[in-house]
Structures are given as C-alpha cells and as structure tokens.
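Working notes, structure below.
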Amino acid sequence: MSNLWQPDHWRQFPAVQMPHYSDVDALANTRARLSQSAPLVFAGEADQLTRALGEVAQGRGFLLQGGDCAESFGHYHPDNLQQMFKVFLQMAMLLTFGAGCPVVKVGRIAGQFAKPRSSDVESRNGVDLPSYRGDIINDVAFDGAAREPDPTRMLRAYSQSAATLNFLRGLAQGGFASLHAVNRWNASFLDGSEMAPRYRAMNQQIDEALKFMQACQVDLDGGRLSGVELFSSHEALLLEYEEPLTRQDTESGRWYDTSAHMLWIGDRTRDPEGAHVNFLKGVSNPIGLKVGPTTSVDDLRRLLDVLNPDNTPGRLTLISRMGAHKVNEYLPALVQTVKRHGGAVVWSCDPMHGNTHTADGGLKTRHFDNIMAELKGFFAVHRAEGTHPGGVHIEMTGRDVTECTGGSQCLQDTDLSRQYESQCDPRLNASQSIELAFAIAELLKDERQG
Ligand code: PEP
Ligand code: CO
C-alpha cells in the first residue's frame, strides 16, 4: 500500500452511485462532525477479523455474513436487533455443530445504509424523482423533498450504528449469548416444520456435550463459551461518510476505516480505476469484493493486485453473486484466476443478489429453491477446482416476514404482501434462515468428508 495514500485519495477517481449534495455547507459541516466522532471499531479488532478470515482462507473455518439488505431509521428497534442476533447465532451454532468447523460471524449491520441503484430516477404515474438510495442519503417516501439527498442523514446513521453496535456488543459479551444460553433459546418459529425435531435433537446433543465438559471440569463460564465474537460490516458505498471515519492507527501508522470491522465493494462499484476501489485499497480492514457474471478475468487479476498486493490471507473475501443459472458458467474461470494468483482469499457465496425477480403482484422476491441451487452450484465448482467454499453472504432478518418465497413454509407469491417490510431487497425470514443453515451444514460436511 502506498504511503502516499490518504482518505481523500478517492476524489481523484470517477465515483459512481454517489449522491450529489446541493447544500455544500451542510455537507462540509457534517464531514467535520464525523471526523471528530469516536471510531466505532478499533484497529486491533479489524486485525483480529483479518486473522480469523485468514484461517477460513486456508480452509479452516467458514464465514457467516448476513443481515438486512438495508438498515433503516424507521424500522430501528432493539427487539428487531435482538431477534436478528438470536437467529444469526442459532445459524452459527448449527453450522459449527453440523459441520464441525469454526464459524466467523459478521453482521451486515451497524452501518449498512447506503444502496446502489440500477437507475438514478424512479418513475411513478408519469412523475420522475431521484431514486431512493438508502436512509443515510434520502427518504423512501415518493416526494421531491424526501428524495433530495440530505448530508445530515449521515449523522443519524452514525448515531444509530453506534447504538446498534453497543447493544450487540452487550448481547454478545454480557452473558446473554453463552453457548449454554444460545442452545436454550427457543426456535418456536420452526414449529410444525420437519426442522423442529432436527433442531431439538441438536440442542440435546449440545446439552450432553456441555454436561460432559462440565463433568470434566472445563470452565464453561469463562473464555470462548461464555460469549460470542460478532463483527460488523457494510458496503463502503457512500465515501463522503467513510472518509471522515477513516483514521490512522498511531502504533502502526496504517489507516483503518473505523465505521465497521469489514467493508465491501459492490457489484456496481468495482471498477479497478474507480473511486471505491481506490478508497478501500488504502485501508487495512478486511475487505470484501462482490464478483458476478460481468466480472472479467482481466479485471479480477487487476483487482487482486490492487486490493491484496501482498496476498495476505484474510485481507480479501471474494463474494460470488452469479445467479443459480450462471454460477457453473462464470465461477470456474474466476476461481482458476485466483489460484494462479496465489489464492489466499476467502471464497464466499451470496446466493441472493443474482436470484431476484419481480412477482406477479409487483413485489421483488427470491425463491428459496434458486438460493439453494446457487449455493449447491458454488460448492460443486469449488469441489471441482479443489478450493474451499469458505462462506455465505445473505440478506435475512429474525422477523417472520414474507419477502422470499418457498422454504418449508411454502410461501407463495400471493403471501408476499402479508408481511413485506423490506424497503429494498427481500430477506430470508427466521425459518428460511435456519433451513438454509441446515442445508449448508450438510454441504460443508460433504466437503470435509471429501
Ligand atoms: C447488496 O449486497 O445489497 C448489493 C447491492 O449487492 P450487489 O453489489 O452484489 O448487487
Ligand atoms: Co440487497
């Protein structure tokens, strides 16, 4: 990484997907306030995540990354956070137990506010307005004032992220999430499905293992079993927000984006010559890069050179989001490119973003079968290439929403409007998330047994 890099370095490069703020004074004022705000994460924590992901890159673990497509101001509530936290940890426990490997837990949370859009304009009944770009930028309501980008929203997003992270840290480390407790959390949202007895059987086996350890006088109240490590992540899309939160570590002299432990580059902003890549190349956090059917082998090679020049395991997670029908066609060449380059990346599968369609009633949805098909395709490609399918990246909630169809509840297009809460992409609900975790545990077990 060049010593000349500075947090505002990105301004020399073309920046797509960013709002135009007409109130330049409000923007300057917001930037000044953010640059005086406390960091949300510390350099040491980001390094710890890089090390954990380094293990995954070398085949010794699995990355579980998930949360809302977009956090919002309106749906912010501690109950929603707690429900999400619980289902996420239930998934992690299921994966750890089912697949017998360490699971690195990273939420799409505490900062996941900014959204890339396929069009700058939204038209309704002949009226054109700027597209909604996430609560950190403008408001979802379809009126001119609401859609005007407002820089002060960054301050509200920062405060909500700080409060969210504080609450999650308390839940993770304050005794609420000991292994013993997680194993006892109820999973009543599974009632009536064939997963319920399987889930209870796992609880019983973990209980027995804990009793055995207790009898062996293993300290269950301290150390790793007394809490969990949960990291935060979001797409580093709004660089006006990321830049003032990027700070130089006094000990190492390295730069860290302190808005989250891990940041990723989206499918629409990964131009090797663009602002987003030239911003994230300079920060020392672990970073993610979405790759899709339009990622060329040539671009990937350049991106590996720019984003992970030293080939540090754990520095870079490649998040494949191909679509169920394209994964077999497009992923092998990318995996082969990475192998030739030295290979020290985490390969994660985002089975959501390539599988979105509009249902008859007009709502965006994803079918559980397509999500599963992409995951299976991803595992099959890695098996053929001899590489490790190292993680999954999903949009999910702990709430009982009806946004994705299929799964053991057999949700149909006609169910979607019943409990559709997302302002952006459709998320897996609690039951669908657990079902997915069961399926991934099986895939991982097969992989480990060769
Ligand atoms: C997302 O993760 O919400 C997203 C927009 O994904 P992608 O960049 O892969 O389209
Ligand atoms: Co999304």
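The values are calculated or read from the model by the stated rules, or taken from the named source; none is laboratory data. In this text the structure is predicted, and so the values were computed from the model without any measurement. Cβ atoms come from the backbone with ideal geometry, glycine included; neighbour counts cover every protein chain shown. The area values use the complete protein model at the heavy-atom level, side chains included, leaving out ligands, DNA and RNA. Shrake-Rupley method; radii C 1.70, N 1.55, O 1.52, S 1.80 Å.
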> Pick from the range 348-366 the residues that are surrounded by fewer than 19 Cβ atoms within 10 Å (Cβ to Cβ) and without any contact (Cβ under 8 Å) to a residue 40 or more places away in the chain: which of them is nearest to F231 (Cα to Cα)?
Replying inline: H357
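For (1) within 16 Å of ligand 2 (Cβ to nearest atom); (2) without any contact (Cβ under 8 Å) to a residue 60 or more places away in the chain, each residue gets a yes or a no:
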| residue | (1), (2) |
| --- | --- |
| T387 | no, yes |
| G391 | no, no |
| D400 | no, no |
| E403 | yes, yes |
| D413 | no, yes |
| E421 | yes, no |
| S431 | no, no |
| A437 | no, no |
| A441 | no, no |
>> Considering only residues that are within 11 Å of ligand 1 (Cβ to nearest atom) and charged (D, E, K, R), which ones fall in the range 100-120?
In response: R108, K115, R117
> Does E403 count as within 25 Å of D446 (Cβ to Cβ) and touching a helix residue (DSSP H, G or I) at 6+ places or on another chain (Cβ under 8 Å)?
Replying inline: no
>> For the range 297-332, give me the residue count where each residue is more than 20 Å from the chain's Cα centre (by Cα), within 16 Å of ligand 1 (Cβ to nearest atom) and not aliphatic (A, V, I, L, M).
In response: 3
>> If I ask for residues that are among the small types (G, A, S) and either over 25 Å from the mean Cα position of the chain (by Cα) or in a loop (DSSP other than H, G, I, E, B) (or both), which ones from the range 122-164 would you list?
In response: S123, G126, S131, G134, A141, G144, A145, A146
>> Pairs please, first residue from the range 60-76 and within 13 Å of ligand 1 (Cβ to nearest atom), second anywhere and in a strand (DSSP E or B) and open to solvent by 10 Å² or more (accessible area, probe 1.4 Å), Cβ atoms under 7 Å, 6+ apart in sequence or on different chains.
In response: G67/I109; E71/I109
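Scan the helices (runs of 4 or more DSSP H) fully inside the range 195-297 and keep the ones with 3 or more residues being among the aliphatic types (A, V, I, L, M). Give the steps one after another, and end with the answer.
Numbers: elements: 195-215, 239-242, 275-280.
By residue number, 195-215, 275-280.
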